[in-house]
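> If you scroll down you'll find the structure; I have some questions about it.
The values are calculated or read from the model by the stated rules, or taken from the named source; none is laboratory data. Bear in mind that the values here come from a model prediction, so they are computed numbers and not experimental data. Neighbour counts run over all protein chains shown; Cβ positions are idealised from the backbone, glycine included.
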Amino acid sequence: MKTISVSIIGFGAVGQGVAKVLVDKKEYLENLGLDFKVVAVADSRTAAIDENGVDLNAVLSRKQDEGVVGSEKLTGLEIIETIDHDVVVETTPTNIVTGGVGLQNMLAAFKHGRDVVTSNKGPLAMKYGELMEAASEGGSNFKYEATVGGAMPVLNLAKDVLAGNSITNVEGIFNGTCNYILTRMMEEHASYEQMLAEAQELGYAETDPTYDVEGIDTACKLVILANCVFGMNATHEDVTVSGITRITPEALLLAQNEGYVIKLIGEVNDSRINVAPKLVPIDHPLAVGGSLNVASVQTDLSGPITVTGRGAGSVETASAILSDMISIYRD
Amino acid sequence: MRVSMDIELKDIPGQLLLALRPVSELKGNLISVVHHHEKRTPRGTIPVQLVFEIKPDKLNDIVSRLEENGIGIARIDEKRFFEHGAVILIGHIVHTDIQDTIDTIDKTGYAEVVDLNLSMPKINMASSASLKIDAVSKEHLDSAITLLKEIAREKDLLVIEPIKIELGVN
Ligand SMILES: NC(=O)c1ccc[n+]([C@@H]2O[C@H](COP(=O)([O-])OP(=O)(O)OC[C@H]3O[C@@H](n4cnc5c(N)ncnc54)[C@H](OP(=O)(O)O)[C@@H]3O)[C@@H](O)[C@H]2O)c1
């Protein structure tokens, strides 16, 4: 049995999802010879720390009941710098202006030779080159499948599973909020404003939806794809973006009469990184509905490979983090 | 332009050559010849379908040379536009001079707007339209859509174009 000591920095939807899957999959992981021992958990105000392993169920209920993970006053950054452990699970909020606390956390982790697994897009979309360099200087593993498409495997698909292929284009739907709104506008023949309100009520859209509906979230994911799969050193400023706020129910109907649906499509290849609403033939593999994500990876040897799945959600996103953790420490 | 032509040949040797020669003499580019040797018209002739590219002003010459050679012409179809595309426009489409938007495409000579469906919900609200564009080739269709996007930017219209289908399937 290999014991890997873990910190979870950021304990919102995704951080809690990680804690849940580590509890639920304990036996599964033991069969792989892996024992992930969480030695520290932090949210924005408090921390729970135990070098013999934090009781994750207790931390989950405390977060539920009291809104905090523990009584310790150590910050996430202090945990990374002072507590000895192997891997930092970085699940703090995305900040695409500065990279936010996530960037500091990741750089500190690499400085101390720790591995990092994250769902936090901000630092990767802002400072990809710097992070890669720091990871390699620290001799650290750095995995971030969860940043693009949640549970839907894209990065590892393109990098590992399709190894040997050259990837010429990646195109798809990378934002579940926009897909939900557009799908519902078409179904109900309702306005953008009405279906945004519905999405907010159901928790599919944030109170301030700008980041999703203006295509910025999709742009960040494309930047990560461009850097990771196409070897660029792009930031979100290199992306041409238009969002879904101007789409009308009439346009969706007219499109439907021509055999199309309208989807917010992100596309990346050697020559461009672009986010825009596009017409997708109704029977095309990219025409998935609801809040699903989908990606079509164009390869030289295998042709197009298309995957679809849930692009967000607590446990769904945690599943991508868990799979990255396993891939680092297995064998 | 591209022409598709049904002709009828007498069932004697050398007739097909007689039919094809005018096309090459007038610098046409032969694309396909479908020769139905087992079939016969009621007149006992053999039906053949030719498709070729030719400068528009040379088509009449071809027709007369074929007739001089004693070859019957059953049908001529001029096919100019081979690519069909659809786009959606959103914005103040009418107020920003829709005729001018369409004219810009039609004036190219290689593409034209063949259908327009307009949906105007309420006064002062953005309207939506679907436009069908025919073009001489795929490249010309792409240029027509690029041109449309340029006009649209000036007029603050949103253009929604189809994904590049061949990237997704086949
Ligand atoms: N939710 C999804 O489905 C999904 C999918 C893919 C990727 N992501 C990305 O994953 C990350 C986490 O998402 P989420 O939905 O879990 O967000 P969230 O629910 O807002 O949780 C963020 C967590 O980070 C904590 N935090 C904030 N500042 C911190 C700091 N300085 N130090 C330590 N912890 C701090 C917050 O603390 P408090 O609890 O005290 O506020 C909270 O626990 C984001 O970057 C997001 O973009 C999310």
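> Name, by its number, the condition in (1) over 15 Å from A:ASP212 (Cα atoms); (2) more than 10 Å from chain B (Cβ to nearest Cβ); (3) surrounded by 18 or more Cβ atoms within 10 Å (Cβ to Cβ) that does not hold for A:ASP238.
Status for A:ASP238: all satisfied but (3).
> From A:ILE328, A:ILE305, which residue is outside any loop (DSSP other than H, G, I, E, B), more than 16 Å from the ligand (Cβ to nearest atom), of a type in the set (A, V, I, L, M, F, W, C) and more than 30 Å from A:VAL88 (Cα to Cα)? Step through it out loud before you land on a result.
Details: A:ILE328 fails: more than 30 Å from A:VAL88 (Cα to Cα).
So the residue among A:ILE328, A:ILE305 that is outside any loop (DSSP other than H, G, I, E, B), more than 16 Å from the ligand (Cβ to nearest atom), of a type in the set (A, V, I, L, M, F, W, C) and more than 30 Å from A:VAL88 (Cα to Cα) is A:ILE305.
> Sticking with this structure for a sec: If I filter the range A:61-69 for residues that are modelled with pLDDT under 95, on the phi < 0 side of the Ramachandran plot and within 13 Å of the ligand (Cβ to nearest atom), do I get at least one hit?
No: the range A:61-69 contains no residue that is modelled with pLDDT under 95, on the phi < 0 side of the Ramachandran plot and within 13 Å of the ligand (Cβ to nearest atom).
> I'd like the residue in the range A:292-302 that is more than 16 Å from the ligand (Cβ to nearest atom) and within 14 Å of another protein chain (Cβ to nearest Cβ) and, out of all such residues, is nearest to A:ALA158 (Cα to Cα).
The extreme case among them is A:VAL297.
> List the number of the failed condition for A:GLY313; all other conditions in (1) within 13 Å of the ligand (Cβ to nearest atom); (2) buried (at least 23 other Cβ atoms within 10 Å of the Cβ) hold.
So A:GLY313 meets the others, but not (2).
> Report every pair of residues separated by at least 6 positions or lying on different chains whose Cβ atoms are under 8 Å apart, first residue within the range A:88-105 and in a strand (DSSP E or B), second among the charged types (D, E, K, R).
What qualifies is A:VAL88/A:ARG114; A:VAL88/A:ASP115.
> Checking the structure you have, find out if any residue of the range A:105-118 is in contact with a strand residue (DSSP E or B) (Cβ under 7 Å, 6 or more places away or on another chain), surrounded by fewer than 20 Cβ atoms within 10 Å (Cβ to Cβ) and either aliphatic (A, V, I, L, M) or at pLDDT 95 or above (or both).
No: the range A:105-118 contains no residue that is in contact with a strand residue (DSSP E or B) (Cβ under 7 Å, 6 or more places away or on another chain), surrounded by fewer than 20 Cβ atoms within 10 Å (Cβ to Cβ) and either aliphatic (A, V, I, L, M) or at pLDDT 95 or above (or both).
> Another one. Against the conditions (1) within 14 Å of another protein chain (Cβ to nearest Cβ); (2) touching a strand residue (DSSP E or B) at 6+ places or on another chain (Cβ under 8 Å); (3) surrounded by 22 or more Cβ atoms within 10 Å (Cβ to Cβ), where does A:MET185 fall short? Just the number, please.
(2)
> Here's another thing I want to ask about it. Considering only residues that are of a type in the set (Ser, Thr, Tyr) and touching a Cys at 6+ places or on another chain (Cβ under 9 Å), look in the range A:119-150 and name the one that is nearest to the ligand (Cβ to nearest atom).
A:THR147
> For the range A:1-15, which residues satisfy the criterion of being buried (at least 24 other Cβ atoms within 10 Å of the Cβ) and part of a helix (DSSP H, G or I)?
If the condition is that a residue be buried (at least 24 other Cβ atoms within 10 Å of the Cβ) and part of a helix (DSSP H, G or I), then A:VAL14, A:GLY15 are the ones that fit.
> Test each condition in (1) under 23 Å from A:ASP50 (Cα atoms); (2) β-branched (Val, Ile, Thr); (3) within 18 Å of the chain's Cα centre (by Cα) for A:ILE79 and report the one that comes out false.
Among (1) under 23 Å from A:ASP50 (Cα atoms); (2) β-branched (Val, Ile, Thr); (3) within 18 Å of the chain's Cα centre (by Cα), A:ILE79 violates only (3).
> On to the next question. Only one residue in A:THR82, A:THR98, A:THR91 is within 16 Å of the ligand (Cβ to nearest atom) and crowded, with 21+ Cβ neighbours inside 10 Å. Which one?
Unique residue meeting the criteria: A:THR91.
> Among the residues of the range A:245-276 satisfying the criterion of being assigned to a strand (DSSP E or B) and without any contact (Cβ under 8 Å) to a residue 60 or more places away in the chain, which is nearest to the other protein chains (Cβ to nearest Cβ)?
A:TYR260
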